[in-house]
Structure formats: C-alpha cells, structure tokens
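The values are calculated or read from the model by the stated rules, or taken from the named source; none is laboratory data. Given the structure is predicted, the values throughout are model-derived calculations rather than measurements. Note that we place each Cβ from the backbone using ideal geometry, even for glycine, and neighbour counts take in every protein chain shown.
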Ligand code: C5P
C-alpha cells in the first residue's frame, strides 16, 4: 500500500565557513563551505493530488508566495507529479539559512518517499544550496554547490540570531572586494569539538564584510553574540543576515537565548544543536 501523504523536516542550514574562491564565466561564484544543520526549521507535507497547490502556515508565513515563485512549487514541478504541499514556515526568509532551499529539498525527499522513486533531475537547477540540503547533515560544499561531501563532525551547541532584515544574496556577492580568496584549510584530524572550534577560528565567511556593509544590523547581532558567556565563535551564515554563536556542550544556551530575545524582541532568536 502506498501512503497518501509524506512529511519531511526542512532544517535551517548554517554555513560555519564560506570561502569564495573564484568566479565562473557565467557569474556564479566558486565556494568552499562547511555546512551543518539545525534542529529548528520548517515542516513540509506533500500529498497526492490532481493539480498543484501550496498552503503556507506557521509564524513566518506572512509574505511567502504560494505559487511558482516558491521554490517548493518548482521542486514539485521538477519531480514531475502534481501534489498538494503544506509548508509550515518557522524560518525567516532571505536570511542566509537556506529556508527556501531546505524547503525545496524537503519537498523532493517527501516526494521520493511518497512516489517510491528517486528524484531524476538536478537539485542544483533549483538553487546552489539545494544539493547540500538534500543531505541535511554536516557536509563540505564546493564548486557552485553541486559537490557535497558528508563529514563526520560532533554535534555543536549554537544560538542563532536574525535581526529581521532581509538581505538579497546577489547584492552581497556583487559587493565582494575579492573573489579569489584561499579555500578552507584542511580539516583537523581530531573531530573533538575543541579541535573543530580551533580550526573554525582560522576560517572565514568571505560574504560577512560585504553583508555588514549593506546591513549594519549584522554587526549589532555579532556584537551581541560575541558578548555572550562562554562563546567559542560568532560568525554570519550564508549571505546573512542570520548569525550564529557556538558554545561548549554544557552551556545553558536555552536560557541565554531567552534573555537575548527579551532584550531584542524584534529579533528572531533560537537555541539549537547543529549536526
Ligand atoms: O542559487 P541561488 O538561487 O541560491 O543563488 C542566489 C544568487 O546568489 C545567484 O543568483 C547569484 O547571484 C548568487 N550566487 C553566486 N554563486 C553561487 C551561489 C549563488 O553568485 N555559487
């Protein structure tokens, strides 16, 4: 018996590093990025239907398109079956945490379950972050996003903050001062959290300086995260504006996130574990 509906979690994608190492003739940038996934995210349900539909619910539903402008819709079209999609939206949009890409990947994975066959198309055609979001687990992402190598990393405790200012990814790439930066250094032999923190401190997000130039709120968020007790690293994810702070596993990040949310009610704040 085949099921009538399939539900898949679409986690927030966090770029712990993001090195821009070149630019192709078509304008796309060559990247070298370490990506992990949070336990906060959206939820996608797909059901067999006679025609395509998309319903968006949840705290971040406002302003999310419910037609072919939404990557979920385009993912289902690429899969080649009409489905009724429900997207329960918890992640802020245009936030550097792959919301749209993670939703599209979740639609593809849900449709693979529902129809009992793999997606035959190219996830990259939906967006540079969709291939890594299909893996939804710690990975290195290279080239323009299509080379994804899963990595064995310890779970990392984190606080995520978005100042609720949308950042346009193309504008951030355009504002880059250099496009020929060094790739990531080799990963440490030890995958203990301490070794990973030490290595991360020597890596970068090359999109952070241009994003801070376009969106000063990012600097404010990084300042607030950097002043939290026990912070091991504070950095921006993707093209922003969401930033993360990493902590040792015994740090009371839930309480810290509650305090931060109380101090900055307009911000989106989440305590999470990255895997
Ligand atoms: O692929 P995606 O739709 O996520 O990319 C959004 C924009 O980010 C692209 O239109 C491009 O301007 C920029 N980008 C890039 N190089 C990449 C990925 C994205 O220049 N590897």
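If I go through the range 150-171 residue by residue, how many of them are without any contact (Cβ under 8 Å) to a residue 60 or more places away in the chain and closer than 23 Å to residue 208 by Cβ?
Matching residues across the range 150-171 total 2.
Check every one of the strands (runs of 3 or more DSSP E) wholly within the range 111-172 and list those with 2 or more residues that are in contact with a strand residue (DSSP E or B) (Cβ under 9 Å, 6 or more places away or on another chain) and surrounded by fewer than 21 Cβ atoms within 10 Å (Cβ to Cβ).
Filter on the range 111-172 gives 139-143, 147-150.
Answer yes if at least one residue in the range 45-65 is surrounded by fewer than 20 Cβ atoms within 10 Å (Cβ to Cβ), modelled with pLDDT of 95 or more and within 15 Å of the ligand (Cβ to nearest atom), and no otherwise.
Yes, because at least one residue in the range 45-65 is surrounded by fewer than 20 Cβ atoms within 10 Å (Cβ to Cβ), modelled with pLDDT of 95 or more and within 15 Å of the ligand (Cβ to nearest atom).
Limited to the range 116-142, what total is found for residues that are out of contact with any helix residue (DSSP H, G or I) (no Cβ under 9 Å at 6 or more places or on another chain) and within 12 Å of the ligand (Cβ to nearest atom)?
Count: 1.
Within the range 180-193, does at least one residue satisfy the condition of being over 18 Å from the mean Cα position of the chain (by Cα), outside any loop (DSSP other than H, G, I, E, B) and either under 17 Å from residue 17 (Cβ atoms) or more than 16 Å from the ligand (Cβ to nearest atom) (or both)?
Yes, that holds for at least one residue.
Being within 13 Å of the ligand (Cβ to nearest atom) and buried (at least 16 other Cβ atoms within 10 Å of the Cβ) narrows it down to one residue among 32, 26; which is it?
After ruling out the rest, the residue left standing is 32.
List the number of the failed condition for residue 104; all other conditions in (1) within 26 Å of residue 66 (Cα to Cα); (2) touching a residue at least 12 places away in the same chain (Cβ under 8 Å); (3) surrounded by fewer than 20 Cβ atoms within 10 Å (Cβ to Cβ) hold.
(3)
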